[in-house]
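One structure below.
The values are calculated or read from the model by the stated rules, or taken from the named source; none is laboratory data. Note that this is a predicted model, so its numbers are computed, not measured. Note that we place each Cβ from the backbone using ideal geometry, even for glycine, and neighbour counts take in every protein chain shown.
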Amino acid sequence: MSETIQKPHGFHAFIDKLFKALEVVIAIFLGVMIFFTFLNVVLRQFGLGFAWTEEIARICFIYLVYLGSIIAARENRHLMIDTLINKLAPGGQKALYVIIQGIIIWMMGVLATGAFQNAWKNRNDFWVATHFPVFLVHFAGVLLGVSVIIISLVNLYRVFVLKESVLELFGDHGEDDTPSSDGILGEGAGMQ
């Protein structure tokens with residue numbers, strides 16, 4: 001029997017394309033950051049250098065971290081120790097997962113609120129060399145906070161409405177715990 005792979009359609013396809021575009025943007029930021037940092041290192045050997053390249057690399061790094069965190073949250077690939085949740089019964093897993101998601105929502109609310117306040121305070125400030133608006137750097141925190149809150153709410157929806165198990169949401173985190181053909185556990189086995 002052949003397996004049929006169902007492609008997402010409608011809203012799910014749009015969200016998948018949005019996150020693929022986000023990955024492309026992150027790759028571009030990484031490339032720009034590496035290029036300008038390398039360029040500045042080489043130019044300093046000749047007593048030259050551009051002040052704006054350091055600012056661009058810093059801005060790219062900030063957005064790279066924040067946008068990468070959004071992707072990690074969506075894919076449930078963030079830093080996680082799931083030893084306790086794996087040992088609980090399904091009811092306990094669900095209760096602990098709700099507590100975890102509640103803490104995440106609260107913390108991201110604090111992050112988004114603080115980042116918005118900083119963005120508002122710095123709305124008329126610009127970086128010295130690039131004249132990039134400072135509020136856009138703080139806005140990355142708002143974007144992260146709101147995005148992760150939405151992702152957490154969707155995860156809770158999946159648990160309570162779609163009746164997915166908590167362990168299904170974690171994806172393939174345990175795949176390295178299986179021995180390979182030579183009996184050796186994969187890299188990071190037991191670390192999750």
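Contact annotation: residue pairs with Cβ atoms under 9 Å, 6 or more positions apart or on different chains, pairing a residue in region 9-29 that is touching a residue at least 40 places away in the same chain (Cβ under 8 Å) with a partner that is acidic (Asp, Glu) and outside any helix (DSSP H, G or I), are Phe19/Glu75. Taking helices (runs of 4 or more DSSP H) as the structural unit, those lying wholly within region 6-110 and holding at least 3 residues that are at pLDDT 85 or above correspond to 11-45, 51-74. Scanning region 10-40 for residues that are more than 19 Å from the chain's Cα centre (by Cα) and surrounded by fewer than 11 Cβ atoms within 10 Å (Cβ to Cβ) yields a count of 2.
If you check Ile103, Ile85, Ile81, Ile99, which single one turns out to be in contact with a Leu (Cβ under 6 Å, 6 or more places away or on another chain), hydrophobic (A, V, I, L, M, F, W, C) and either surrounded by 11 or more Cβ atoms within 10 Å (Cβ to Cβ) or closer than 30 Å to Glu164 by Cα (or both)? Checking each option against the conditions leaves just Ile85.
Based on what the data block shows, is Leu162 at pLDDT 50 or above and either of a type in the set (Asp, Glu) or surrounded by 11 or more Cβ atoms within 10 Å (Cβ to Cβ) (or both)? When the stated conditions are applied, Leu162 does not pass them. Contact annotation: residue pairs with Cβ atoms under 7 Å, 6 or more positions apart or on different chains, pairing a residue in region 134-157 that is free of Cβ contacts under 8 Å to residues at least 24 places away in the same chain with a partner that is aromatic (Phe, Trp, Tyr) and not in a helix (DSSP H, G or I), are Val134/Phe126; Val134/Trp127.
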